[in-house]
Amino acid sequence: MDLAALDPLLLLASLLAAATPLIWAAMGELVVERSGVLNLGVEGMMIIGAIAGFAAAVATASPALGFLAAAAAGAALALLFGLLTQILLANQVATGLALTMFGLGLAALIGQPYSGIKPPPATRLAGQIDVMVPLGLALAGAVWWFLARSRPGLILRAVGENHDAAHALGYPVVAIRLAAIAFGGACAGLGGAHLSLVRVPQWTEGMTAGAGWIALAIVVFASWRPARVVLGAWLFGGVTILQLNLQALGLGIGSAWMSMAPYLMTILVLVLISAGRSRAALGAPACLGRVFDASG
Amino acid sequence: MSLLTIEGLTKDYPGVRANDGVSLSIAPGEIHALLGENGAGKSTLVKMIYGLVRPDAGRMTLDGRPYAPAGPAAARAAGIAMVFQHFSLFEALSVAENIALGLGPATPMRGLARRIAEVSAAYGLPLDPDRAVGTLSAGERQRVEIVRCLLQGPRLLIMDEPTSVLTPGEVETLFATLRRLAAEGVAVLYISHKLEEIRALCDRATILRGGRVVATCDPRTQTARSLAEMMVGAVLAPPARAGRAGTRTLLELRGLTLPAPGRFGTPLSDISLTLREGEILGIGGVAGNGQEELLAALSGERRAGPGQILLAGTDIGPLGPEARRGLGLCTAPEERLGHAAAPDMTLVENALISGLVRMRLARAGIIRWGAAAEFARAIVAAFDVRCAGVDHAARSLSGGNLQKFVIGREILQRPAVLAVNQPSWGVDAAAAAAIRRALVDLAASGTGVLVISQDLDELMEISTGFAALVGGRLSAVRSTAGLTVDEIGLMLGGAAEGGDDAAA
């Protein structure tokens, strides 16, 4: 075994790249959950973004237009969730699960003619780093600033904290939540497109392989804080890259254990961070997943 | 010169006309009371003034100009502020953030903490802008709401049942603040059904009944009783006290002792009493002296040791609530929402929860929904519970109506013994009278009734015997006939002395 074969800079670059789809998807979901909505359809919105971005990029030969299409497709699917849960008051958990299944199926259908095609190459800044990587970090900073410092962010948190009180103060609870849901969908779509246009880059059915679920878990374990989401995504991305490299080196540890490592590490570290705090201090929005009905 | 004039305001909800041609006017600097039973239309009226609800007909004028707010923001811009009965606060957010949310978008967050400090100092309402609201007491939370309103420089301040959560000292502070605001020319619309408070504070009162204005008066020239009668629209007949107690002992506590249930609970120590048929035993004392714990021990939520609780001679100490109900001991706890009733379940389901055993609402483990619905409808009919239907959630009922429902639910099961805690807490005069009447009637039919209440007038009115629960100890039981206020004061001062007196 030759650990020297692992170039630290190269590892760091692949870590950043591997974490990027998670950062986008989780950051979008964080905003959605802070507004009090639990959208379990992240996986579905990611894969719709992956295929929509791929198809648009192939059709226009422009990765940028591909990303744009991915954001639009993710937001459109999210708004379907928003219509069902915010206007028709459907159960958020059931609707979110249905959204994932719907997204996976629809993406597979749309993707039929696209397997085996190469997308137009995305511009790389350096090595594996494309423009979505720094943009993802900028997004995390922007989300932090928006939630912690801006007035609209305060209103969004208030809606997630106590929708009845927010309504009584005259804030449009449903409109704010729909906007958050659309934003979350667009971010998930961009995360998915990063997979199909940059990371892999090609279209395979079911290519998100649970990234949406990991993003959801990261949001919870990160106690709804942007900086911790980035940390969680890096951890997961980092251990994924590391274990792939270690497997390639033939370390003699069972590959099942190695593949398990990213999940275990991420959960372990984030649980340790949040250990010893009360539920309220963890920052779960008090209205998360609760139905808001203004007609009462 | 009137600040706000309301003419013929009407609002219909499915199945009920909440407001029917309501008119009133409020002058600057006036403290105007809005009085009415639960469901009389007070909340709907203020929601229309505050822009939360659009009237179906009628018009409002503010300063002589037509006023029709599109929403609360428009109402606030017009100088109308409101402190809600259930605080519209965000527990996880800080005091400053909560206040910022209630102000217009033009208010800069910067400098807000300083303005909060200024206003709270000027009106004697101390607040720390950086504390999370979740850590504040009820009185402090109300301060946050009031400071939020004051920062808008309101001309009309609406207060919806502001004192229901306050201690007597906090009520005094609130009244001082309100009087000061009125002296500065701010009009106050004050909703309450605490008649003594209204007589002490308000210059004028508008009384609503069934959605209509039935009277306007100067509350200072009225008695609490005459105000209550205007609200109810009938002469309030004090219930005749239950007849004499029978001789058969129904419930006996023998040295009931239980450790405190949690860090903030009160231990029960050596409580003994005897309840006979037809007797109403009143247990007085300030809440937090073991009242909740005593009811939990009686209901079976907490089990007592063997031989400590006897129902008609049977040891029920180790039995759970279902078994006790089956034997004839029914109970109604203090907290309506979440303890006596499941808020999000329908009235039928709530009737079922308690009536399952005694009303035989299940056969071979299968629920008889028809019978359950009939039971729920019987409660609604017998106790005049105003609701849109028995298939609506318990949460949708007003406090007084839900209280009538949870008490009626137990009474209709014809219990041998009924124990209730704070049966008329937060309930308007008419509903409270109805509940007391029902308890007296139940005792007249031979049931032993145990009423735990902070309201001494209530206990003196209906009970045959009185004991004080202080610090988890119960005084000896005295007959209420001939019991003087001084003697009650002594009993509440220390259960031990009261017991000695009685034994002597």
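The values are calculated or read from the model by the stated rules, or taken from the named source; none is laboratory data. Values in this document were obtained by computation on a predicted structure and should not be read as measured data. Because the Cβ atoms are built from the backbone with ideal geometry, glycine has one as well, and the counts that use them run over all protein chains shown. Just so you know, the surface numbers come from the protein's heavy atoms only, side chains and all, with ligands and any DNA or RNA stripped out. Shrake-Rupley method; radii C 1.70, N 1.55, O 1.52, S 1.80 Å.
Does segment B:1-86 come out rounded, prolate or oblate, given a ≥ b ≥ c as the square roots of the eigenvalues of its C-alpha gyration tensor, rounded meaning a/c under 1.5 and, failing that, prolate meaning a/b above b/c?
rounded
Given their separation in residues at 0.36 nm each and the Cα-Cα distance between them, B:S226 and B:W369 gain 47.1 nm when the chain is fully extended.
GNM remark for chain A: springs join alpha carbons under 10 Å apart, and the peak mean-square fluctuation among A:G192, A:G36, A:G105 falls on A:G105. The contact residues of segment B:56-90, meaning those that lose at least 50 Å² of 1.4 Å-probe accessible area when all protein chains sit together rather than their chain alone, are B:F90.
Mind checking the dipole of the protein assembly as shown: about its Cα centre, +1 per Lys or Arg Cβ, -1 per Asp or Glu Cβ, Debye to the nearest 20?
1160 debye
Accessible area buried by the pairing of A and B, both sides summed with a 1.4 Å probe, works out to roughly 1400 Å². Look at the dipole of the protein assembly as shown built from charges on Cβ: of B:V133, B:Y190, A:V220, the Cα furthest out on the positive end belongs to A:V220. Ligands, DNA and RNA are left out, and with a 1.4 angstrom probe the accessible area of the protein assembly as shown is 41 Å² per residue. If you line up the long axis of helix A:255-274 against the longest principal axis of chain A, both from Cα atoms, how many degrees apart are they, to the nearest 10? Relative to chain A, helix A:255-274 is tipped by roughly 40 degrees.
Here the accessible area of chain B is 54 percent carbon and sulfur, with a 1.4 angstrom probe and all protein chains present. Against the criterion of solvent-accessible heavy-atom surface with a 1.4 angstrom probe, B:V119, B:V147 sort, most first, into B:V119, B:V147. Taken about its Cα centre, chain B carries a charge dipole of about 1140 debye when Lys and Arg each add +1 at the Cβ and Asp and Glu each add -1 at the Cβ. Estimated purely from DSSP H runs of n ≥ 4, each contributing -39500 (n - 2.57), the mean residue ellipticity at 222 nm for chain B is -10000 deg cm²/dmol once divided by its residues. Since only A:A148, A:M207, A:V173 are under comparison, the one whose Cα sits farthest along the positive direction of the charge dipole of segment A:143-260, derived from C-beta charges on Lys, Arg, Asp and Glu, is A:A148.
Compare the peptides B:315-322, A:61-68, A:230-237 by average per-residue count of other Cβ atoms within 10 angstrom and give them in order, highest first. Could the numbers behind the result be given before it?
Numbers: B:315-322: 16.8, A:61-68: 18.8, A:230-237: 24.0.
Packing proxy ranking, top to bottom: A:230-237, A:61-68, B:315-322.
The charge dipole of segment B:4-232, taken about its Cα centre with unit charges on the Cβ atoms of Lys, Arg (+1), Asp and Glu (-1) only, comes to about 400 debye. Extending 7 Å from Cα along the Cβ direction at B:D12 and again at A:A142 yields two label points whose distance is 5.0 nm.
Relative to a virtual label point 7 Å from the Cα of A:L10 in the Cα→beta-carbon direction, which members of segment A:104-141 show backbone nitrogen distances below 16 Å? Counting only backbone N, you get A:126-129.
Among the residues of segment A:142-160, those with an accessible-area drop of 50 Å² or more from chain alone to full protein complex, heavy atoms and 1.4 Å probe, are A:R151, A:L154. Once the dipole of segment B:4-232 is set up with Lys and Arg at +1 and Asp and Glu at -1 on Cβ about the Cα centre, which of B:A200, B:L89, B:T5 lies farthest towards its positive end? Positive-end residue among those listed: B:T5.
Accessible-area loss of 30 Å² or more (1.4 Å probe, protein heavy atoms, chain alone versus all protein chains) is found in segment A:161-180 for A:E161, A:N162, A:A165, A:A168, A:L169, A:Y171. Once all protein chains are placed together, A:H167 keeps about 60 Å² accessible to a 1.4 angstrom probe.
The accessible area of A:L16, taken with all protein chains in place and a 1.4 Å probe, comes to roughly 40 Å².
Would you please classify the overall shape of segment A:3-283 from the alpha carbon gyration tensor, given that a ≥ b ≥ c denote the square roots of the eigenvalues, rounded means a/c under 1.5, and beyond that prolate means a/b larger than b/c while oblate covers the rest? Taking the square roots of the gyration eigenvalues as a ≥ b ≥ c, segment A:3-283 is oblate. Rounded to the nearest percent, how much of the accessible area of chain A (1.4 Å probe, protein heavy atoms only) is carbon and sulfur? C and S atoms contribute 72 percent here.
I'd like to verify something in chain B: which complete DSSP H helices, judged by Cα projection on the helix axis, reach 30 Å or more and average at least 1.6 on the Kyte-Doolittle scale?
Membrane-span-like by this criterion, though nothing is claimed about a membrane: none.
Sorting B:372-378, B:170-176 by average packing, meaning the other beta carbons within 10 Å per residue, from highest down gives B:372-378, B:170-176. Helix content alone sets the calculated 222 nm mean residue ellipticity of chain A: runs of n ≥ 4 DSSP H residues at -39500 (n - 2.57) each, divided across all residues, give -23000 deg cm²/dmol. Taking 0.36 nm per residue of separation and subtracting the current Cα-Cα distance, fully stretching the chain between B:H392 and B:D218 would add 58.8 nm. Note down the nm distance, to one decimal, between modelled labels 7 Å out along Cα→Cβ at B:T257 and at A:L79. Calculated label separation equals 7.1 nm. With the whole protein complex present, B:Y13 retains an accessible surface near 90 Å², based on a 1.4 Å probe.
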